[in-house]
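A.B. asks: The structure's right below; bear with me while I get my questions together.
Each reported figure results from applying straightforward, stated rules to the coordinates on display, with no laboratory input. Bear in mind the structure is a predicted one, so any value in this text is a computation, not a measurement. For neighbour counting, all protein chains shown are included, and Cβ atoms are generated from backbone atoms with ideal geometry for every residue, glycine included.
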Ligand code: MEV
């Protein structure tokens, strides 16, 4: 007799304890005892804490944390924790930083720590008039917003500005209010969302329209982190390398197909630090890509030029909504350690470090691409990964990986054959 397919309708799943949830999932997916034990082992994140961070927890997912060395930022040496599953990302930052260390490293700055919350208003027959009526209430709006978060105000943050735009959309004119709020050391999503929700009914009342969405914008263009650095020609291998890199940048800035990959490389570095410090990778990624498209076409987040002396000057400007308080930053033990290793004392300092990492990452990716190609650097770790996938353990991993590199064929079937040969030779 055929068994009916298991149902995903598990009433009260969220109310179960973690072991009970594991059991329920095991029944659904046919997980054996070892697989269930694997899920139950939450490593260095206590199950209770994991259970409070998200819903329906059955386990944790460990990602390696590596340290980028050689970074000098604004004259201070820093070790940078990076959480990533991708090989070569940490090495790329170390290499770029080594090549500019003697020339002073990175210089960084920030436009401020302002976040924007949007309130959507629809159904007003006179949107331009309504816009002015909302703007007239600026002082009242300031009081209302600041009353939402007295602690933030005490720390020097709070409401800073009001902008109101009339937007022509498929469903007619909308009046969009922007609350510009200094969220200081918080990423700020909770603070600004609360303000927007509090303000919305008043806007509806003042204008006779209906408010709909009340939410922050991830295009955090009042929270731009900037970094620049000059790599001496002699430190990077000469004019051909430099010109190849500048040409790679010109390609990216002119072509969205290339820019997506170029910026993905930058985000390899940025997201790894954002994650290692317990911040919201998706918020930063959304902001970065939206900012990369601000000129009406999607382009590079970095700029590369040749200085009067012939050196290579790189710079980056990117929205960086990260915080030191709130979310997982203050709760996740590994994120707390990440911040301690970094030694940053404000959200601004963290954002600036992250921008420097993005620039370093881009330098190394472009240099590799414009010279030897990306595969050479990738191969050592990739070969080890393939060796492990073939079942190699302990010393075997290096032994199999070395053979794959020597053969110039990093393939699973070759790794399996080599592992078999190695093991039969030992018997
Ligand atoms: C790979 O994860 C990132 C790169 O593709 C970035 C780039 O092409 O600039 C190497």
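A.B. asks: For the stretch 185-204 and the stretch 1-21, write down the distance between their C-alpha centroids in whole Å.
C.D. replies: Value for the Cα centre distance between the two parts: 38 Å.
A.B. asks: I would also like to ask the following. Just need the Rg to Rh number for the chain, please, alpha carbons only, Kirkwood Rh.
C.D. replies: 1.04
A.B. asks: Taking the mean number of other Cβ atoms within 10 Å as a proxy for protection, how do you rank 218-225, 274-281 from highest to lowest?
C.D. replies: Ranking the peptides 218-225, 274-281 by packing returns 274-281, 218-225.
A.B. asks: Same structure, new question: Hey, fewest Cβ within 10 Å first, where do 346, 271, 88 land in order?
C.D. replies: Neighbour counts put them in this order, fewest first: 346, 88, 271.
A.B. asks: May I ask you to order 296-309, 109-122 by the average number of other C-beta atoms within 10 Å around their residues, highest value first?
C.D. replies: Per-residue mean Cβ counts within 10 Å order the peptides as 109-122, 296-309.
A.B. asks: Separation of the stretch 258-330 and the stretch 136-180 by C-alpha centroid, Å?
C.D. replies: 27 Å
A.B. asks: Please provide three numbers in whole Å: the alpha-carbon extents of the stretch 377-426 along the principal axes, with the largest listed first.
C.D. replies: 31, 19, 15
A.B. asks: Follow-up question, since we're still on this one. With a/c under 1.5 counting as rounded, go ahead and sort the stretch 246-364 into rounded, prolate or oblate using the C-alpha gyration tensor (a ≥ b ≥ c being the square roots of the eigenvalues; past the cut-off, prolate if a/b is larger than b/c, else oblate).
C.D. replies: Prolate, because a/c is 1.5 or more and a/b exceeds b/c.
A.B. asks: Among 282, 232, rank each residue by its count of other Cβ atoms within 10 Å, from fewest to most, as a rough exposure measure.
C.D. replies: 282, 232
A.B. asks: Same structure, new question: Quick check on packing: order 60-66, 410-416, 176-182 by the mean number of other C-beta atoms within 10 Å, highest mean leading.
C.D. replies: With the highest mean Cβ count within 10 Å placed first, the list reads 176-182, 410-416, 60-66.
A.B. asks: Give the distance, in whole Å, between the Cα centre of the stretch 343-381 and the Cα centre of the stretch 402-427.
C.D. replies: Answer, in whole Å: 32.
A.B. asks: Evaluate the distance, in nm, between pseudo-label points positioned 7 Å from the Cα of residue 62 and of residue 15 along their respective Cα→Cβ axes.
C.D. replies: Output for this residue pair reads 3.5 nm.
A.B. asks: Another one. State whether the stretch 114-216 is rounded, prolate or oblate according to the following rule on the C-alpha gyration tensor (a ≥ b ≥ c being the square roots of its eigenvalues): a/c under 1.5 gives rounded; otherwise a/b larger than b/c gives prolate, and the remaining case gives oblate.
C.D. replies: prolate
A.B. asks: With the Cα gyration tensor of the stretch 1-52 giving a ≥ b ≥ c as the square roots of its eigenvalues, does the rule (a/c under 1.5 for rounded; else a/b larger than b/c for prolate; else oblate) give rounded, prolate or oblate?
C.D. replies: oblate
A.B. asks: Return the calculated 222 nm mean residue ellipticity for the chain, to the nearest 500 deg cm²/dmol, obtained by summing -39500 (n - 2.57) across DSSP H runs with n ≥ 4 and dividing by the residue count.
C.D. replies: Value at 222 nm, helices only: -16000 deg cm²/dmol.
A.B. asks: How high is the relative contact order of the chain? Use alpha-carbon pairs under 8 Å, at least six apart in sequence, and give a whole percent.
C.D. replies: So the answer I get is 17 percent.
A.B. asks: Follow-up. Give me P(r) over the stretch 27-154, computed from all C-alpha to C-alpha distances, binned every 10 Å, as integer percentages.
C.D. replies: 9, 18, 17, 21, 22, 13, 1
A.B. asks: Let me ask something else about it. So if the hydrodynamic radius of the stretch 1-98 is defined as the Kirkwood radius over C-alpha pairs, what does Stokes-Einstein give as its diffusion coefficient at 25 °C and 0.890 mPa s, in µm² per second?
C.D. replies: The Stokes-Einstein estimate is 146 µm²/s.
A.B. asks: Sort 58, 215 by Cβ crowding within 10 Å, fewest neighbours at the top.
C.D. replies: Taking fewest neighbouring Cβ atoms as first place, the list is 215, 58.
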